[in-house]
1. Take the conditions free of Cβ contacts under 8 Å to residues at least 40 places away in the same chain and crowded, with 17+ Cβ neighbours inside 10 Å and apply them to LEU123. Does it pass?
2. With the requirement that a residue be within 12 Å of the chain's Cα centre (by Cα) and either open to solvent by 40 Å² or more (accessible area, probe 1.4 Å) or without any contact (Cβ under 8 Å) to a residue 24 or more places away in the chain (or both), what does segment 62-77 give you?
3. Return the total of residues in segment 102-133 being assigned to a helix (DSSP H, G or I) and of a type in the set (Ser, Thr, Tyr).
4. Return the residues of segment 84-108 that are closer than 18 Å to VAL219 by Cα and either touching a residue at least 24 places away in the same chain (Cβ under 8 Å) or in contact with a Lys or Arg (Cβ under 6 Å, 6 or more places away or on another chain) (or both); say none if nothing qualifies.
5. Test of understanding: among LEU217, LEU184, which residue is farther than 30 Å from LYS38 by Cα and crowded, with 19+ Cβ neighbours inside 10 Å?
6. I'd like to verify a number: residues in segment 240-257 that are among the hydrophobic types (A, V, I, L, M, F, W, C), surrounded by 17 or more Cβ atoms within 10 Å (Cβ to Cβ) and assigned to a helix (DSSP H, G or I), how many?
7. Output the residue which, of all residues in segment 149-181 that are open to solvent by 80 Å² or more (accessible area, probe 1.4 Å) and either under 17 Å from the mean Cα position of the chain (by Cα) or basic (Lys, Arg) (or both), is nearest to LYS38 (Cα to Cα).
8. Which of the numbered conditions does LEU175 fail, given that it passes all the others? Conditions: (1) touching a Leu at 6+ places or on another chain (Cβ under 6 Å); (2) part of a helix (DSSP H, G or I).
Amino acid sequence: MKLPAFLTHSLARPLIALVLLLAVAALSVPGFLHLEIKDGHLYGSLVDIVHRAVPLMLVALGLTLVIATRGIDISVGAIVAIAGTVAAMLVGTHGVLVAFGAAMAAALVCGLWNGLLVATLGLQPIIATLILMVAGRGLAQLLTDGQILTIYEPQSFFWLGGGYLLGLPVSVFVLATVAGLTGLLMRRTALGLFIESVGINPVASRLAGVPTLAVMLFVYLYSSFGAGLAGLMITSNIKSADANNAGLLLELDAILAVT
């Protein structure tokens, strides 16, 4: 018997599993699917779940490109801690824009480091990113002197992780923007084709003229970009930077989400 076309789609089984999971939760937890508007904001269990899962989804989106090239990045949790720490250290004295910019710059430097180790030195991705996984969190702890940095102002810093826009958490719009950007990149640009080509056969791709080294550098930069955003969001939401626990083991959840 031939299955309907929609059941053969790669997203069919995950979506069916999600629907079944939501159905079980709705039957087990009274009011699980209930949504209501208070003070112009949408509230409910589903909104809370999505809001709390945004950092994980941002990391997973960046990691998707790395895994598409048959690589891996287990340093994303440490990059989350570094980005959050840099932002917390600067926001009180230099303002939100400088703090955000410096945090993202620090994350991208980490991505560049990973990419150089993998693309130019030829290290196995899991070994190359293990270095930053260990050393990166240590660096974040060194910057904070092992303490939790609490942020009291400016209030605009908390908008990214805890603010609302059009009744929904700002984090949802950030996620939608990054997801849309990733989708366009992978399906509407030559770079997306290059990434898939390198993942299928890096040797043949190089011989065919694909800039393999540049592609490898880009995917690790993009992975660190997602992790940096996640670090900013976590720090903004909890109003502090905890280098010991921010992003701890997040890489395992992200790898599971991607695969």
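The values are calculated or read from the model by the stated rules, or taken from the named source; none is laboratory data. Being a predicted model, the structure only gives us computed values, none of them experimental. Methodologically, a virtual Cβ is constructed for each residue, glycine included, from the backbone with ideal geometry; neighbour enumeration extends over all protein chains shown. These accessible areas exclude ligands, DNA and RNA; they are computed on the full protein's heavy atoms, side chains included. Shrake-Rupley method; radii C 1.70, N 1.55, O 1.52, S 1.80 Å.
1. On the way: free of Cβ contacts under 8 Å to residues at least 40 places away in the same chain: yes; crowded, with 17+ Cβ neighbours inside 10 Å: no.
Against the criterion (free of Cβ contacts under 8 Å to residues at least 40 places away in the same chain and crowded, with 17+ Cβ neighbours inside 10 Å), LEU123 does not qualify.
2. Once the filter is applied, which keeps residues that are within 12 Å of the chain's Cα centre (by Cα) and either open to solvent by 40 Å² or more (accessible area, probe 1.4 Å) or without any contact (Cβ under 8 Å) to a residue 24 or more places away in the chain (or both), segment 62-77 yields only THR64.
3. We begin by selecting, within segment 102-133, every residue assigned to a helix (DSSP H, G or I); these are 102-119, 125-133.
From what's left, of a type in the set (Ser, Thr, Tyr): 129.
Final tally of qualifying residues: 1.
4. Residues of segment 84-108 that are closer than 18 Å to VAL219 by Cα, as a first pass: 104-108.
The answer is MET104, ALA106, ALA107, LEU108.
5. On the way: LEU184 fails: crowded, with 19+ Cβ neighbours inside 10 Å.
Of the residues listed, the single one that is farther than 30 Å from LYS38 by Cα and crowded, with 19+ Cβ neighbours inside 10 Å is LEU217.
6. Step one: list which residues in segment 240-257 are among the hydrophobic types (A, V, I, L, M, F, W, C), which gives 241, 243, 246, 248-250, 252, 254-257.
Okay, now just the ones that are also surrounded by 17 or more Cβ atoms within 10 Å (Cβ to Cβ), so 241, 243, 246, 250, 254-255.
Filter again for assigned to a helix (DSSP H, G or I), leaving 250, 254-255.
Number of matching residues: 3.
7. Taking the candidates together, the pick is THR177.
8. Just one mismatch for LEU175, condition (1).
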